[in-house]
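The values are calculated or read from the model by the stated rules, or taken from the named source; none is laboratory data. Since this is a predicted model, take the numbers as computed values, not measurements. Please note: Cβ atoms are built from the backbone with ideal geometry, for glycine as well, and neighbour counts cover all protein chains shown.
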Amino acid sequence: MSATGFGARAVLALTGISYRQLDYWARTGLVGSSIRQAAGRGSRRVYSFADLVALRVVSQLRAEGVSVQTIRRAVKWLRSHADEPLATLALTAQGKKVFALTDDPAKLIEATAEGQVVLAISVRNVARHLERGVTEISAPREVMVKVRGRAFRAVLTPDLETGGYTVEVPELPGCRTEGDDIAEVKRMTKDAIEAWLSVDERPKSRSRTRTG
């Protein structure tokens, strides 16, 4: 932005504040004219563009119902602790408090409480994070179980309510079991497959006996 200064008339037109506010804020040191200050009757204040931004910030805080005293405390703290001028800071107001935004979107600095750090938690983001976590931990996984020299694919589905897994062997209809952990799952699955194969063999043996 150009370094050209702004007189009172331009400042009022650009910021929408009254001359009374402009004069009061300058005399009390809330927001002054950084290019040239008034030095007696007939002299003019000259404001920089950064001053205009600061004036608009203060004006908006006032519109939100924040008192001049509260803004003054916030500005005093910010000027003492922030590297950036008031015109470049991102501020927000809630009730009688003024917060300065930081580079970390999860943190705010409460300028009206001597720099107390406030955590800003996004419930929506927390919910989304949890939803992703639920999707991940509830996703079925597969293990290979070897029985009688043959590999069987077992599908493990986590039980989020009681813990452990329910297991199904797709190749063997109705072959299901459960287990608290992977080691037990493999052991129980081997037993279930063995039992399924044993039951499946019985009718075939009887059929061959009758035929003979």
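In segment 29-70, what residues are modelled with pLDDT under 80, in a loop (DSSP other than H, G, I, E, B) and buried (at least 19 other Cβ atoms within 10 Å of the Cβ)?
Val66 - this is the single residue of segment 29-70 that is modelled with pLDDT under 80, in a loop (DSSP other than H, G, I, E, B) and buried (at least 19 other Cβ atoms within 10 Å of the Cβ).
Out of curiosity, is Thr162 of a type in the set (Ser, Thr, Tyr) and in a loop (DSSP other than H, G, I, E, B)?
yes
Under 6 Å by Cβ, and 6 or more places apart or on different chains, what pairs join a residue from segment 146-171 that is in contact (Cβ under 8 Å) with a residue 40 or more places away in the chain with one that is among the β-branched types (Val, Ile, Thr) and in a strand (DSSP E or B)?
What qualifies is Phe152/Val145.
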